[in-house]
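See below for the structure under consideration.
The values are calculated or read from the model by the stated rules, or taken from the named source; none is laboratory data. Treat the numbers as computed from the prediction; the structure is a model and nothing was measured. For neighbour counting, all protein chains shown are included, and Cβ atoms are generated from backbone atoms with ideal geometry for every residue, glycine included.
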Amino acid sequence: MSDKYIVSLLIMLSAIFILSAPGFADGGKKIENACVNCHSKLSVSSFVGIKSHDWKGSIHQKHGITCDKCHGGNPAAMDKNKAHTGVLSSSNPESRVYYKNIPSTCGSCHGAEFYKFTQSYHFKKLEATGKGPNCVTCHGSMVTSVLNPDDIANVCVRCHNKRIGVFPYIPQKAKAVLLLLRQGKALLAADKELYKPARGSAEASYLQEAQSSLYSAKLQWHKFDLDAIVRDLQEMNNSLEKLSRSSSRP
Ligand code: HEC
Ligand code: HEC
Ligand code: HEC
Ligand code: HEC
Ligand code: HEC
């Protein structure tokens, strides 16, 4: 119960953060962003250029999450050096995009995922040793994609393998569970269209239940709790079964 409370509080706080973040003025109207303007002119043949162009087309670009939101700096300054005040290389431990600091940087907007992540063993390890998977391991730093099942296995196998001996079955299981999650998403989307329950009906509440189970399964990823994901997906399936039975009744 208290978990839920904290999660919703974090979501509220991040909503306030997003709305009040610089880069937006006059009730959401976007203002010029010097980081994006200048970096979009850089050649794709340089490292910085490649990184800059990676961001284009991402969900963050679509939502106005500009460079400064993760890197700091002054997005109103046209001059490079003025704009870069506070922008540090990711190899600098003070940087917001330094490996260890990434979860809290992303977490300032994605509070629910961050909160789950802090409950994981990997987070404790990351805090203590600076090693282990973090947000960009699975989502990329600028592209914000989600790894597919094969790629996720390759990430986990770096540490979970027979040679090192730490839970070598995990990569296979992570891959299988991500496949399940994807199927769950597809199934829910299909049933939603198939049954189109009327608002306020019992069927609508089954669909709602299924949706929250799926949301919870996604969150569990961030604690690396593979069994909890499977349980949440089973609950989702139960709700969808109720939906289908009750919808096909005369
Ligand atoms: C007038 C052009 C210009 C503006 C404005 C600008 N940059 Fe840059 N930025 C560059 C160039 C060029 C580089 C390549 C390295 C260098 O010349 O300093 C760079 C490098 C970087 C790097 C890599 C730093 C490193 O140490 O590896 C980051 C991160 C970055 N910029 C972020 C930003 C952010 C965030 C803003 C806005 C607050 C911004 N830039 C504004 C031109 C610009
Ligand atoms: C959602 C957060 C986020 C946004 C938005 C973002 N970046 Fe990054 N960026 C990161 C993270 C995290 C890293 C470091 C991790 C890595 O190397 O993959 C990084 C690395 C970089 C680097 C490599 C240099 C270094 O310090 O490692 C450059 C250059 C860069 N970003 C430029 C930009 C520019 C230009 C924009 C806007 C067009 C931008 N970024 C938008 C999160 C972001
Ligand atoms: C300033 C706020 C902000 C920061 C910082 C930020 N994000 Fe986001 N992110 C958003 C918004 C807004 C969206 C689009 C709406 C949504 O899905 O919440 C989004 C979407 C996403 C999505 C896709 C969600 C979906 O529904 O498809 C992922 C994954 C993601 N962000 C990961 C990251 C990672 C990883 C970092 C850190 C490197 C990060 N974000 C930093 C605001 C932010
Ligand atoms: C082990 C890999 C992994 C790591 C590490 C990870 N994520 Fe995720 N994340 C996922 C998967 C898998 C999903 C579900 C994607 C889907 O819907 O298909 C997801 C979904 C998300 C979403 C979208 C949620 C939605 O409602 O669609 C956001 C935002 C997000 N992650 C942010 C983060 C942040 C912030 C961190 C770091 C604190 C992080 N993730 C670390 C694997 C990971
Ligand atoms: C940088 C190394 C590293 C990577 C990469 C890594 N792990 Fe781990 N993981 C560990 C270590 C070390 C342990 C602790 C083993 C122990 O308890 O002795 C662990 C423990 C776990 C556990 C059991 C502990 C718990 O939190 O319940 C799970 C589940 C797990 N990892 C999942 C994953 C998944 C899924 C991936 C891929 C997305 C992954 N790990 C990637 C190092 C890593």
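Residues in region 117-133 that are touching a residue at least 12 places away in the same chain (Cβ under 8 Å) and over 13 Å from CYS159 (Cβ atoms): PHE117, THR118, GLN119, SER120, PHE123, GLU127, GLY130. Under the condition of being part of a helix (DSSP H, G or I) and under 21 Å from CYS106 (Cβ atoms), the residues counted in region 139-186 number 8. Mind telling me which of the residues GLY57, GLY73 ends up being part of a loop (DSSP other than H, G, I, E, B), over 19 Å from the mean Cα position of the chain (by Cα) and either within 14 Å of ligand 2 (Cβ to nearest atom) or free of Cβ contacts under 8 Å to residues at least 24 places away in the same chain (or both)? Exactly one residue qualifies, and that residue is GLY73.
The helices (runs of 4 or more DSSP H) found wholly in region 97-136 and carrying at least 1 residues that are away from ligand 1 (no atom under 16 Å from the Cβ) and either more than 23 Å from LYS69 (Cβ to Cβ) or in contact with a Pro (Cβ under 8 Å, 6 or more places away or on another chain) (or both) occupy 111-118, 121-129. Annotation: of all residues in region 135-171 being in contact with a Phe, Trp or Tyr (Cβ under 8 Å, 6 or more places away or on another chain) and at pLDDT 90 or above, the one that is nearest to LYS218 (Cα to Cα) is CYS135. The residues of region 144-160 that are away from ligand 2 (no atom under 15 Å from the Cβ) and either more than 13 Å from ALA176 (Cα to Cα) or not charged (D, E, K, R) (or both), listed by number, are ASN148, PRO149, ILE152, ALA153, ASN154, CYS156, VAL157, ARG158, CYS159, HIS160.
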